[in-house]
1. For LYS68, work out the one condition from (1) closer than 18 Å to THR159 by Cα; (2) modelled with pLDDT under 95 it doesn't fulfil.
2. Going by what's in this entry, would PRO150 be described as modelled with pLDDT of 95 or more and either touching a His at 6+ places or on another chain (Cβ under 9 Å) or farther than 13 Å from ILE54 by Cα (or both)?
3. Do you know which residues across the range 94-151 are in a helix (DSSP H, G or I), closer than 24 Å to ASN186 by Cα and of a type in the set (A, V, I, L, M, F, W, C)?
4. Taking the range 39-58 only, how many residues are in contact with a Phe, Trp or Tyr (Cβ under 6 Å, 6 or more places away or on another chain) and either part of a loop (DSSP other than H, G, I, E, B) or surrounded by 20 or more Cβ atoms within 10 Å (Cβ to Cβ) (or both)?
5. Restricting the search to the range 16-38, which residues are part of a strand (DSSP E or B), surrounded by 18 or more Cβ atoms within 10 Å (Cβ to Cβ) and out of contact with any Asp or Glu (no Cβ under 8 Å at 6 or more places or on another chain)?
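The values are calculated or read from the model by the stated rules, or taken from the named source; none is laboratory data. Nothing here was measured: the structure is a model prediction, and the numbers come from that model. FYI the Cβ positions are ideal-geometry reconstructions off the backbone, even for glycines, and counts take in every protein chain you see.
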Amino acid sequence: MAVESTMLELGTQAPYFSLQDTVTGKTVSLDDYKGNRGLLVMFICNHCPYVKLIKDELVRYAADYMPKDVAVVAISSNDVENYPDDSPEKMKQVAEEYGYPFPYLFDETQEVAKAYMAACTPDLFLFDDKLKLYYRGQFDDARPKNDIEPTGRDLRNATDRLLAGKPAPEKQIPSIGCNIKWKKGNEPEYFG
């Protein structure tokens with residue numbers, strides 16, 4: 001089921017997280033990113049066709065912007081009991097196969113996704129150096145069935161503006177993708 005992102009209010013303070021990186025086994029928290037010029041928190045997963053379409057470009061984005069002091073972290077919050085392709089073991093495999101240069105964290109309780117009001121994969125949240133929400137919305141116009149090549153145009157434009165000290169883009173288009181696979185009885189009120 002394709003759903004749009006909830007478009008969390010700009011200026012929102014980044015909700016706290018402390019989760020295990022499926023590749024290194026280390027705990028990664030929001031505190032690790034204090035002092036960066038920017039922080040991109042992405043809710044993604046392994047099996048979603050919307051994420052699969054942009055995986056290579058996500059890696060390219062991270063390679064371009066991490067050296068400019070924009071931290072990148074990916075989180076999967078899906079119910080792995082019903083979606084075993086999104087298990088931590090499979091997350092590690094995908095991260096290694098695609099050479100993710102960013103941590104790929106597992107949100108087993110789904111509480112972090114709820115704190116961010118994440119609704120879909122991919123759901124992207126770009127924070128400024130004060131960890132205030134600067135951009136949330138689509139990566140670009142590419143979708144699994146529209147033949148547009150992924151470039152990350154929308155996110156890149158927002159990141160460039162952030163680094164240049166400009167105001168956030170006025171037009172921010174919601175992301176669209178597969179709904180986060182909530183555990184039965186754990187669906188947030190804002191979803192659906």
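1. (2)
2. no
3. The answer is VAL112, ALA113, ALA115.
4. Total meeting the criteria: 3.
5. Scanning the range 16-38 gives a single hit, ASP21.
Conditions (1) out of contact with any Cys (no Cβ under 8 Å at 6 or more places or on another chain); (2) surrounded by fewer than 17 Cβ atoms within 10 Å (Cβ to Cβ); (3) in a loop (DSSP other than H, G, I, E, B); (4) at pLDDT 95 or above, marked per residue:
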{"residue": "ASP154", "(1), (2), (3), (4)": "yes, no, no, yes"}
{"residue": "ASN157", "(1), (2), (3), (4)": "yes, yes, no, yes"}
{"residue": "ARG161", "(1), (2), (3), (4)": "yes, yes, no, yes"}
{"residue": "GLN172", "(1), (2), (3), (4)": "yes, no, yes, yes"}
{"residue": "GLU187", "(1), (2), (3), (4)": "yes, yes, yes, no"}
